[in-house]
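This report refers to the structure that appears directly beneath it.
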Amino acid sequence: MKNIYKLLLAATVLSMGGCKKDSEFLNVEPTSIITTDLAFSNPANVLSVLGDLYNRQVDFSTVKDWYSMADFSESFPSENGRAFLVQRNGWGYGEWGTWDYGYIRQLNLFLERLEISTSLTAPDKAKFKAEGRFLRANYYFEMTKRLGGVPLILTPLSYDFSGKTDDLQYARSKESEMYDFVIREAEEIKGDLPTDGKANATDAARATKGAAMAMQARAALYAGSIAKYGASTPQVSLPGGEVGIPANMAVAYYTKALAAAKEIISGTVGNYGLYQKKADLADNFSSIFIDKGNNPEAIFIEDFKLKSGKVHYFTGWNQPRYGAEEEEGGRINPSLNFVESFEKLDNSFAPIPITDGSGNPIYYSSQVDPFAGRDARLAGTVMLPGTSFKGRPVDIWNGYLLADGSVFSGDDRGQQKVLPGTTGLRQVVGFDGPINAKEFTAQSGFYLRKYLDPAIGSGSRGTNSELPFIRYRYAEVLLNAAEAAFELGMSADAAGYMNQVRARAGLTTPLTPGEITFDRIVHERRAELAFEGHVLFDHKRWRIAHQVWDGNKMSPAELVTNIGKATKRNTQPYALWAYKYFNPGNANDGKWVYRIVLPSLVTGANNFQFGNYYSAIGDDIRANNPKIVRQPNQ
Amino acid sequence: MRIKFQFIGMLALMISAASCKKDNFDAPTSSLKGKLVYQGEAINVEHDRVPFELYQYGFGKVGAIVQTFAQDGTYSSLLFNGTFKLIVPNGQGPFKWKQTAAGAPDSVTINMNGSQVLDLEVTPYYLIRTPQITAAGGKVMSNFKIEKIVTDATAKDIENVTLYVNKTQFVSGADNIANTGIGGGAITDLNNVILSATIPNIVPTQNFVFARIGLKIAGVEDRIFSPVVKLTF
């Protein structure tokens, strides 16, 4: 009898459960997926979507990727796994390419969904839309720099499963159309973007009026120079205009570049200016990349934040290794080629003085002396021997130079040996090297200083660094203006813009309009914007890459001549090694001498071929879409 | 736990039975060999610099098999039997490769059915004729003629001519221990060009070097070379 009650109870419970409709029971909203409606229902959610899109921007040679910075003979890669950078003879045709149409599709979807969403206010919507378009234009710009014209897809495409893909196959646009697109987008979205009043340090991490104008200035300048200098390499072009811009368009582009740069310089799109906060000019220069609070120089940055998951380890990779927070570092070693290119304070070029007129070595009482009296950007960019990082002097010297001219050195960091004619061990080589083929030592005799974060913990794996990567900064805008003005024949204006940048670096003797030459423009960008991802694209657009990296080896004699010439060969990174002179009783005993050395790992010579001007578009892409024409010279 | 040996036996049987299936293709065996020639004369180029591409159609997506010519202009590939098309891409090599009317490189059709030798006829802009390279007194001396082959509207100037010396058999702008060059404008007599280079100290010491002459054509990337010679001194 009791069992019947139990059965009835069970049946009742079950039947009540069954009262729910099938549709109610089965159709459950997934908890791990945000629906499109929800994502576009309020500004905070849209910002989350947008944040992901910001995060996927593509840069070249950034703090997230040290070794693309270490290339191009501007530095020596002091990590044995990357020594191939100086052992190979040039680059593959596919190098530097990017083809992320998945990203473009998501940007297009973002814009489409934003358009039809109904729960956002009009100003919010306009601002988000402008940001999405900015990111899309900036990525197309990145693609164009690498690949020339690419299919310009501005709506999300969808496949109808019919088996036919013809209507999804788009041909490449002309290179000029790509630049026109970037310039036009910048113009159209400018009004909807906020002005960076420099109230918050993080404002520059998002698109602003200033960022749009900086992008426009750079894009127009690139297009102008490709039009002008492309004439010197007619073989780097395609008949359909996918690569190469007609020379007669140069003036219009340069004019546009100058106008866009002027908008930023005049202050109408934000409070930008040169960073000038520290008395020591070298310190001041390196602080541009360190100072996050109210930095007037930053126009558009990729920001990082400690303990947020978005951090980078650039300082750990490149810090002076001796006594560092982690037993590693020292990877990027700026080459002597780069170091000697910095001007003396009288605006002249000269090699680092290591011998006197008759060829005898010069003895320096302080290690940093040979680099004195130069452009402050040298010491701001490069960690010179005899300087300090985080309060600890770097210990860069290869050994003792004995009285007979021979070198007495060791093969391990800070090794101790007994010098000939003495008793007792003493250190015969610096703790930071340089030692040939010993990774993480300063094999070129120098370490990098740019982007090295002086904060405690920045060089430890558990903490990392939150220094931003500056994509667009004010000094570049000034140099863009200078170049555009120079190309338009307005040398006086060009000198005016350039001298502002130079004065900040301690080069207070202004250049006269007559002194502004193409070589000067090239040099100024190399000195100011080193390791900021410009060297490759600048050399490409001026069409001098195949001359500078021509695949021939360099001799030491060639290294120290023609400094400051735009087409000077730069195929192998040379080193400058310091030695302590050992000759007891001699007046020069204990002083420093320097020697030019080619690190033994450097066996290749960079050869930039015509086929490298535009990165290859993969066979798989061209097989999928036969309308994509092949790059020239490949 | 007791190990059941019959299971292990069964497992071994299953594995060996599964391996019975033939799961691999034979490697290609037909060899295609040849060299770059102009009227029967080999064209010498830089090692691993001038590419050619082989295409085989009929298997869905098309991608090239890319290879490069050796220093003496020879090439060799191991291929499956079938029909291939060979091109030298535009802008590669110190020579003119046949082009279609549209400006694309014209292809050579190759029917592979067993091994074959196929020389590729090209038209170099210049040729280095009768190179005489000798070594004596710590120097490498060379004497040669330059012949301009292409003289029509597409003719190109000489940018420079360089004598390269190296301690290994790979001799080029990237691989050399000594070189001496002369600009195209400084050459007075194309029929008598003399270049000499000093042999630097070689560590470890060796009593021979390799040398050849490379000619850079204006607006063309790859140099054309004379054959490599080994010089003992």
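The values are calculated or read from the model by the stated rules, or taken from the named source; none is laboratory data. Computed from a predicted model, the values in this text were never measured in an experiment. No Cβ is skipped: glycine too gets one built from the backbone with ideal geometry, and neighbour counts run over all protein chains shown.
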Problem - In the stretch B:201-224, the residues that are within 14 Å of chain A (Cβ to nearest Cβ) and in a strand (DSSP E or B) - result: B:Gly214, B:Lys216, B:Ile217
Practice task
Answer yes if at least one residue in the stretch A:127-140 is of a type in the set (Lys, Arg) and within 30 Å of A:Asn570 (Cβ to Cβ), and no otherwise.
Solution key: no
Exercise for the section: Please go through the stretch A:523-566 and pick out each residue that is within 14 Å of chain B (Cβ to nearest Cβ), assigned to a loop (DSSP other than H, G, I, E, B) and on the phi < 0 side of the Ramachandran plot. Expected result: A:Trp549, A:Asn552, A:Lys553, A:Met554, A:Ser555
Exercise for the section: Would you be able to tell me the number of residues in the stretch A:72-112 that are farther than 14 Å from A:Leu601 by Cα and either within 14 Å of chain B (Cβ to nearest Cβ) or in contact (Cβ under 8 Å) with a residue 24 or more places away in the chain (or both)? Expected result: 24
Exercise for the section: Scan A:Lys198, A:Lys164 and give me the residue that is surrounded by fewer than 21 Cβ atoms within 10 Å (Cβ to Cβ), touching a residue at least 60 places away in the same chain (Cβ under 8 Å) and either in contact with a Gly (Cβ under 6 Å, 6 or more places away or on another chain) or among the charged types (D, E, K, R) (or both). Expected result: A:Lys198
Practice task
May I ask you to verify whether A:Phe76 is at positive phi and surrounded by 18 or more Cβ atoms within 10 Å (Cβ to Cβ)?
Solution key: no
Practice task
Just give me the residues in the stretch A:116-134 being free of Cβ contacts under 8 Å to residues at least 60 places away in the same chain and under 34 Å from the mean Cα position of the chain (by Cα), in sequence order.
Solution key: A:Pro123, A:Lys125, A:Arg133
Problem - Residue under evaluation A:Phe141, criteria (1) over 28 Å from A:Leu238 (Cα atoms); (2) part of a helix (DSSP H, G or I), criterion not met - result: (1)
Practice task
For the stretch B:131-147, indicate whether the set of residues that are within 14 Å of another protein chain (Cβ to nearest Cβ), exposed (fewer than 14 other Cβ atoms within 10 Å of the Cβ) and among the aliphatic types (A, V, I, L, M) is non-empty.
Solution key: no
Handout entry: Tally, over the stretch A:244-286, of residues that are touching a residue at least 12 places away in the same chain (Cβ under 8 Å), hydroxyl-bearing (Ser, Thr, Tyr) and surrounded by fewer than 18 Cβ atoms within 10 Å (Cβ to Cβ)
Key = 1
Fill in the blank from the handout: Within the stretch A:487-500, residues being surrounded by fewer than 23 Cβ atoms within 10 Å (Cβ to Cβ) and not in a loop (DSSP other than H, G, I, E, B) number 7
Exercise for the section: Considering every residue within the stretch A:544-553, establish whether at least one is without any contact (Cβ under 8 Å) to a residue 40 or more places away in the chain, surrounded by fewer than 21 Cβ atoms within 10 Å (Cβ to Cβ) and over 21 Å from A:Asp369 (Cβ atoms). Expected result: yes
Completion exercise
The residue from A:Ala566, A:Ala578, A:Ala587 that alone is over 24 Å from the mean Cα position of the chain (by Cα), surrounded by fewer than 21 Cβ atoms within 10 Å (Cβ to Cβ) and at pLDDT 90 or above is A:Ala587
Practice task
Could you check B:Leu190 against (1) within 25 Å of the chain's Cα centre (by Cα); (2) under 13 Å from B:Lys145 (Cα atoms); (3) in a loop (DSSP other than H, G, I, E, B) and say which number it fails?
Solution key: (1)
Exercise for the section: Quick one: A:Ser68 ticks every box in (1) small (Gly, Ala, Ser); (2) modelled with pLDDT of 90 or more; (3) in a helix (DSSP H, G or I) except a single one, so which number is it? Expected result: (2)
Practice task
Kindly indicate whether any position in the stretch A:453-473 is assigned to a helix (DSSP H, G or I) and either in contact (Cβ under 8 Å) with a residue 12 or more places away in the chain or of a type outside the set (Asp, Glu) (or both).
Solution key: no
Exercise for the section: Could you identify the single residue in B:Thr162, B:Thr168 that is touching a strand residue (DSSP E or B) at 6+ places or on another chain (Cβ under 7 Å), within 12 Å of chain A (Cβ to nearest Cβ), part of a strand (DSSP E or B) and among the β-branched types (Val, Ile, Thr)? Expected result: B:Thr162
Handout entry: Qualifying strands (runs of 3 or more DSSP E) (wholly inside the stretch B:58-120; at least 1 residues being within 14 Å of chain A (Cβ to nearest Cβ))
Key = B:65-68, B:82-87
Problem - Given (1) modelled with pLDDT of 90 or more; (2) surrounded by fewer than 16 Cβ atoms within 10 Å (Cβ to Cβ), index of the condition B:Phe233 fails - result: (1)
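Condition check ((1) at the interface with chain B (Cβ under 8 Å from one of its Cβ atoms); (2) part of a loop (DSSP other than H, G, I, E, B)) across all residues:
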residue	(1), (2)
A:Lys580	no, no
A:Gly590	no, yes
A:Arg595	no, no
A:Ala605	yes, yes
A:Asn633	yes, yes
Handout entry: Selection count, the stretch A:262-284, where residues are assigned to a loop (DSSP other than H, G, I, E, B) and under 22 Å from A:Ala376 (Cβ atoms)
Key = 9
Exercise for the section: Examine the stretch B:39-57 for a residue that is closer than 30 Å to A:Asn625 by Cβ, within 14 Å of chain A (Cβ to nearest Cβ), of a type in the set (A, V, I, L, M) and not in a loop (DSSP other than H, G, I, E, B), and state whether such a residue exists. Expected result: yes
Fill in the blank from the handout: Exception for A:Ser615 within (1) in contact with a Phe, Trp or Tyr (Cβ under 7 Å, 6 or more places away or on another chain); (2) within 27 Å of A:Pro385 (Cβ to Cβ); (3) away from chain B (no Cβ under 14 Å) falls at (2)
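Okay, residues lined up against (1) assigned to a loop (DSSP other than H, G, I, E, B); (2) on the phi < 0 side of the Ramachandran plot; (3) out of contact with any Leu (no Cβ under 6 Å at 6 or more places or on another chain); (4) in contact (Cβ under 8 Å) with a residue 60 or more places away in the chain:
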{"position": "A:Glu24", "(1), (2), (3), (4)": "no, yes, yes, no"}
{"position": "A:Val28", "(1), (2), (3), (4)": "yes, yes, yes, no"}
{"position": "A:Ser48", "(1), (2), (3), (4)": "no, yes, yes, no"}
{"position": "A:Lys64", "(1), (2), (3), (4)": "yes, yes, yes, yes"}
